[in-house]
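> Below is a structure I'd like to ask you about.
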Amino acid sequence: MSTLALSFEFFPPKTPEGVDKLAAVRRELYALKPEFCSVTYGAGGTTQGGTLQAVQAILADGVDAAPHFSCIGATQASVREQLQAFIAAGIKRIVALRGDLPSGYGGLGEFRYASDLVAFIRAETGSRFHIEVAAYPEMHPQAASPQADLQAFAAKARAGADTAITQYFFNFDAYARFVDDVRKLGIDTPIVPGIMPITNSTQLLRFSDACGAEVPRWIRLRLQSFGDDRASIQAFGLDVITDLCERLRAAGVPGLHFYTMNQAAATQAICARLGLGS
Ligand code: FAD
């Protein structure tokens, strides 16, 4: 049994069937004894209400749960109200984000960056919440430069973030160098790598382009060569991601955060190969 802390990310289901399916997926993944589970917000038009419901369901299972909370377009009053709702629900951990501007959206609101949200949460609620923030080993796609993005990360840490979760990546060196650069700034915030299991090549390639995660040429070409052969994609994906996790573990990462896409099998298979949770 390893001491590596695991966490699992879900998105809020939109239908009653989705709710039931996610409950079953969660039950399977709880066998891996996650430190916490998180639920996304805003992506794909989801609402904070859907996020809160899913978080409450996880808390009711007896597992720690964190809502993702983005501040784009928010006012101080609306954030204050949401924080009160979190406190009333017994939530102790938040993933604090800027979020992405929906297309056609006019205003930025009263928070410009995630660091503003982190500072506001700390000012309003002290140490009530454990605050997670996002990190980008391969640079956030809208950042002016890698150095500027590093400073943006440092601002979130200095504003009071406790821990960070990275965007997923397939280049181990990008993660290792990012962590080194952060440490050189005197910041010791634990940076947990975000792990994206590979199960579907079309979806992965499209999604990676949008969020700025590089799929290395050798992985892209292999995936494309498999065509519709799902079994080969999954077998290859399992090898690649398990190897990445092994390297991360050897480098002493504090944990692994899995982007589960509300599926249990791929995450379970990777953890089984790593000998985690059994
Ligand atoms: P920030 O840290 O504010 O950074 C945004 C951009 O602004 C970066 O380019 C940064 O370099 C720049 N910047 C920051 N501060 C400054 C400054 N002072 N001056 C100049 N530039 C600055 N999206 C969702 O919609 N819902 C989710 O649930 C969700 N969950 C996520 C979970 C994780 C772990 C990760 C890694 C991402 C998630 N995202 C989610 C995506 C995220 O919302 C987007 O990547 C968003 O564009 C940036 O959010 P952020 O919190 O990283 O922003």
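The values are calculated or read from the model by the stated rules, or taken from the named source; none is laboratory data. No experiment lies behind these values; they were computed from the predicted model shown. Here the Cβ is made from the backbone with ideal geometry for all residues, glycine too, and neighbour counts use every protein chain on show. To get the accessible areas, we keep the full protein, side chains included, count just its heavy atoms, and leave off ligands, DNA and RNA. Shrake-Rupley method; radii C 1.70, N 1.55, O 1.52, S 1.80 Å.
> If you average the sequence gap of Cα pairs under 8 Å that are 6 or more apart and divide by the length of segment 5-274, what percent do you get for the contact order? Don't skip to the end; give the middle numbers.
Values: 426 pairs, mean separation 52.1, N = 270.
Answer for segment 5-274 is 19 percent.
> Hey, rough spin-label estimate for ARG158 and HIS130, points 7 angstrom out along Cα→Cβ, what's it come to in nanometres?
It is 2.6 nm.
> Shifting gears a bit: Before I look further, what does segment 145-253 give for accessible area per residue, probe 1.4 Å, in whole square angstrom?
The answer is 49 Å² per residue.
> Within segment 155-172, name every residue whose backbone N is under 18 Å away from a label modeled 7 Å from Cα of ALA250 along the Cβ vector.
Output list for this probe position: 170-172.
> Give me the Kirkwood hydrodynamic radius of the chain, using the inverse of the mean 1/r over all pairs of distinct Cα atoms, in Å to one decimal.
It works out to 19.3 Å.
> Something else now. Calculate what fraction, in whole %, of the accessible area of segment 5-274 sits on carbon and sulfur atoms when a 1.4 Å probe is rolled over the protein chains.
52
> For segment 5-274, please report how many Lys pairs fall under 24 Å Cα to Cα, leaving out neighbours fewer than 8 apart on the same chain.
4
> Roll a 1.4 Å probe over the protein chains and send me the accessible area per residue for segment 1-135 in Å².
In whole numbers, segment 1-135 has 47 Å² accessible per residue.
> State the extension gain, in nm to one decimal, for the chain segment bounded by LYS184 and ASP229, taking 0.36 nm per residue of separation less the distance between their alpha-carbons. Could you put the intermediate results ahead of the total?
Working: separation 45, 0.36 × 45 = 16.20 nm, distance 4.47 nm.
Extra length available between LYS184 and ASP229 comes to 11.7 nm.
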